[in-house]
Amino acid sequence: MNIAVVILNWNGQALLERFLPSVISNSSAANIYVIDNASEDNSVLFLKSNFPGINLVQLESNLGYAGGYNHGLRHIDADIYCLLNNDVRVDKDWLLPVISAFEEDPSLGAAQPTIRDLKNPEQFEYAGAAGGFIDRYGYPFCRGRLFETIEADEGQYDHNNNIFWASGACLFIRKSVFDSSGGFDESFFAHMEEIDFCWRIHNSGFSVKHIPGSKVFHLGGGTLSHSSPRKTFLNFRNSLLMLQKNLPEENRDRIILIRLLIDGLAAVKFLLQFSPKHSLAVFNAHRDFHRKRKDGSYNETRSGKTRDYYHIRSVVWSYFIAGKRVFSHL
């Protein structure tokens, strides 16, 4: 099975210098590509000078995560894509369990390894941990990470490997599924696009899994830190767009209304925490969502939408009110 490890880069010369060597030395089973999202630093010159054997795809403008991969992958042929952040360290044999999983299960559409925190290697990493889920209102969480509570990886999630979404930090996708699904939604630009994509995979009858035999270590925050209001805006807006696109029509508006009200509480919480820029980001996310919904581009009705998409009714209630701080208690 032919696999391509594809790293999307934007102004990440320092990260490439730090992390690319581990990818090269531990990925003999794959061809390695870097898609450069019109970097303004010396990333391209650095790659050409120091890693001339790397396959380089150069884009003319920064298209974000979604557009960058959509356009860059058109130049890459493989059975399986591994979409890898440029701030991820990989270890020996990280690819083999994943390749085996795809070979053994033709219904497997996407997968992720266990993602640990590079700075705290015994802990899961925020962006993916041991695989992702959403609640009824579209709030994402992971096995091993609920909001800001992050667990140590003690093998507690190395079983029952079906998940709802796989992390974009290290996302394995069957090429035929990526093509038939239309790829990522480019209007998202960045953040939540992998959840929307995996939801569409489920709607098409494919599965998404966590492969515990594979482990990688993610630095995180290489492009936008957790404290960025821009990241807050993208996460809140894109989550709403995802619900608008993928919910069954009969209960879509009611669920989105409740979600908007919960978001309002989040905006108040940001104000109480003296983070007015994040509160404004939530407001702007709602405004942009209503604008996009009004223009009709997200209102089409689709058949075959899964109605059992959520793991629990409300992770917000479970975490903040019921005090359930780890996934296994949900």
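Quick check: from the Cα gyration tensor, does the stretch 104-234 come out rounded (a/c under 1.5), prolate or oblate? Spell out each step's value before the answer.
Working: a/c = 1.73, a/b = 1.14, b/c = 1.52.
Cα axes put the stretch 104-234 in the oblate bin.
Highest mean first, what order results for 259-270, 35-46 on Cβ atoms within 10 Å? If you can, show how the numbers build up before the last one.
Numbers: 259-270: 15.7, 35-46: 17.3.
Top to bottom by mean Cβ count within 10 Å: 35-46, 259-270.
Using Cα pairs closer than 8 Å and at least 6 residues apart in sequence, work out the relative contact order for the chain, in percent. Before the final figure, lay out each step's value.
Values: 618 pairs, mean separation 63.7, N = 330.
Relative contact order comes out at 19 percent.
How do the peptides 184-192, 169-177 rank, highest first, by the average count of neighbouring beta carbon atoms within 10 Å per residue? List each step's numbers first, then the result.
Details: 184-192: 21.1, 169-177: 22.7.
The packing order, highest mean first, is 169-177, 184-192.
Ignoring ligands, DNA and RNA, what accessible area per residue does the stretch 1-50 give at 1.4 Å, in Å²?
Values: 2180 Å² over 50 residues.
Computed with neighbouring chains in place, this is 44 Å² per residue.
Which lysines does LYS92 reach when only Cα atoms under 29 Å apart count, and residues fewer than 8 places away in its own chain are ignored?
Candidates past the 8-residue exclusion: LYS48, LYS119, LYS175, LYS209, LYS215.
Among 9-15, 251-257, what's the highest-first ranking by average C-beta atoms within 10 angstrom per residue? Please report the intermediate quantities before stating the final value.
Working: 9-15: 20.1, 251-257: 13.6.
The most tightly packed comes first, giving 9-15, 251-257.
Please report the orientation-averaged projected area of the stretch 195-288, defined via the convex hull of its C-alpha atoms, in nm². Walk me through the numbers before you get to the answer.
Working: hull surface 32.4 nm².
Taking a quarter of the hull surface, the average projection is 8.1 nm².
Could you tell me what percent of the accessible area of the stretch 176-287 is made up of carbon and sulfur, with a 1.4 Å probe and every protein chain present? Present the calculation step by step, with values, prior to reporting the outcome.
On the way: 2920 of 4700 Å².
Here it works out to 62 percent.
Subtracting the Cα-Cα distance from 0.36 nm times the residue separation, let me have the gained length for SER61 to ALA266 in nm, one decimal. Walk me through the numbers on the way to the answer.
Working: separation 205, 0.36 × 205 = 73.80 nm, distance 3.38 nm.
Residue separation times 0.36 nm, minus the Cα-Cα distance, leaves 70.4 nm.
List the lysines whose Cα lies under 27 Å from the Cα of LYS269, skipping any in the same chain that are fewer than 8 positions away.
Cross-link targets: LYS231, LYS277, LYS292, LYS324.
Taking a quarter of the surface of the convex hull around the Cα atoms of the chain, what do you get in nm²?
Details: hull surface 64.2 nm².
Mean orientational projected area (the chain, Cα hull): 16.1 nm².
If the label point is 7 Å along Cα→Cβ of SER228, which residues in the stretch 50-65 have backbone nitrogen under 18 Å from it?
61-65
Using helices alone, what [θ] at 222 nm do you get for the chain, with -39,500 (n - 2.57) per DSSP H run of 4 or more residues, divided over all residues and rounded to the nearest 500?
Details: 9 runs with 118 residues, N = 330.
Rounded to the nearest 500, the figure is -11500 deg cm²/dmol.
For the stretch 1-93, what log10 I(q)/I(0) values come out of the Debye formula at q = 0.16, 0.17, 0.18, 0.20 1/Å, with one point per alpha carbon and no solvent?
The computed values of log10 I(q)/I(0) come out as -0.58, -0.66, -0.74, -0.93.
The values are calculated or read from the model by the stated rules, or taken from the named source; none is laboratory data. Here the structure is a predicted model, which means the values were calculated and not measured. Note: ideal-geometry Cβ built from the backbone for every residue, glycine included; neighbour counts use all protein chains shown. Each accessible area value is taken on the protein alone, full model and side chains, heavy atoms only, with ligands, DNA and RNA left out. Shrake-Rupley method; radii C 1.70, N 1.55, O 1.52, S 1.80 Å.
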